[in-house]
Every structure is written in structure tokens, then in C-alpha cells.
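J.: Submitted below is the structure of interest, expressed as C-alpha cells.
The values are calculated or read from the model by the stated rules, or taken from the named source; none is laboratory data. A quick note: this is a predicted structure, and the numbers were derived from the prediction, not measured. Glycine gets a Cβ as well: all are built from the backbone with ideal geometry, and neighbour counts include every protein chain shown.
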Amino acid sequence: MAEWFVYILRCADDTLYTGITNDLIRRCQQHNARTASRYTRSRLPVVLVYQESQASRSLALKREVAIKVLSRQQKKLLIQTQRSSVAPPKTR
């Protein structure tokens with residue numbers, strides 16, 4: 001069973017794009033090569049700002065829909081929460 005990812009890209013115009021893939025690196029390359037989605041083609045370059053793993057395509061699609069209905073502010077909070085959870089430990 002392949003691992004699936006839900007991801008959020010920040011576009012050059014500061015909009016956020018949400019999608020799913022089973023190969024995150026390839027998909028980001030496709031977005032920046034203008035071969036992935038019509039939405040991102042005119043908003044390049046894009047930068048990966050959020051990702052989460054899902055066990056199946058079905059779960060990834062459900063999570064994608066849940067993220068897409070969030071407000072921009074809620075998406076920004078989701079992105080910030082992930083960044084803070086992977087922050088390096090503070091030194092004394």
C-alpha cells in the first residue's frame with residue numbers, strides 16, 4: 001500500500017493551493033514545471049509549506065476536502081502549527 005500525502009503550496013501571488021499525491025517531490029517539480037495544475041501554472045514559483053501523510057488515497061482525498069473548506073486564516077494556522085511542532089529544540 002502506497003503512502004499518500006496532503007500538501008499545501010504557497011504560490012508566488014501568496015495564495016494557497018491544496019492537493020494530494022503519492023510522490024511529493026515529483027508533484028512539486030511538476031507544479032513548478034507548469035505540468036501539474038491549471039491553478040498553479042500562472043502563479044509560479046510555488047513553495048511547499050505543509051504536508052501530512054495519510055495511509056490511503058481515500059483518506060488523503062477526505063483530508064484534502066477538509067483542508068480546502070478551511071478559511072485562509074485557519075490554513076495559515078495549520079501551517080504554523082506544523083512548523084512549530086518540528087522546530088529544533090532550544091539550547092540553554
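J.: Determine, yes or no, whether R34 is out of contact with any strand residue (DSSP E or B) (no Cβ under 8 Å at 6 or more places or on another chain) and at positive phi.
T.: Yes.
J.: Count, please, the residues in the stretch 38-81 that happen to be part of a loop (DSSP other than H, G, I, E, B), touching a strand residue (DSSP E or B) at 6+ places or on another chain (Cβ under 7 Å) and small (G, A, S).
T.: Counting residues in the stretch 38-81 that are part of a loop (DSSP other than H, G, I, E, B), touching a strand residue (DSSP E or B) at 6+ places or on another chain (Cβ under 7 Å) and small (G, A, S) gives 1.
J.: Still on this structure, I have one more. Out of the residues in the stretch 1-40 that are surrounded by 15 or more Cβ atoms within 10 Å (Cβ to Cβ) and among the charged types (D, E, K, R), state the one that is nearest to S84 (Cα to Cα).
T.: My answer is R10.
J.: While we're looking at this one, here's another question. In the stretch 46-59, is there at least one residue being free of Cβ contacts under 8 Å to residues at least 40 places away in the same chain, more than 12 Å from the chain's Cα centre (by Cα) and within 14 Å of I79 (Cα to Cα)?
T.: Taking every residue of the stretch 46-59 in turn, none turns out to be free of Cβ contacts under 8 Å to residues at least 40 places away in the same chain, more than 12 Å from the chain's Cα centre (by Cα) and within 14 Å of I79 (Cα to Cα).
J.: So how many residues does the stretch 3-31 have that are hydrophobic (A, V, I, L, M, F, W, C), part of a helix (DSSP H, G or I) and in contact with a strand residue (DSSP E or B) (Cβ under 8 Å, 6 or more places away or on another chain)?
T.: 2
J.: Being within 13 Å of the chain's Cα centre (by Cα) and either among the β-branched types (V, I, T) or at pLDDT below 95 (or both) is the filter here, so list the residues in the stretch 64-92 that pass it.
T.: V65, I67, I79, Q80, Q82, R83
J.: Can E64 be described as in contact with a Ser or Thr (Cβ under 8 Å, 6 or more places away or on another chain) and acidic (D, E)?
T.: So E64 fits the description; yes.
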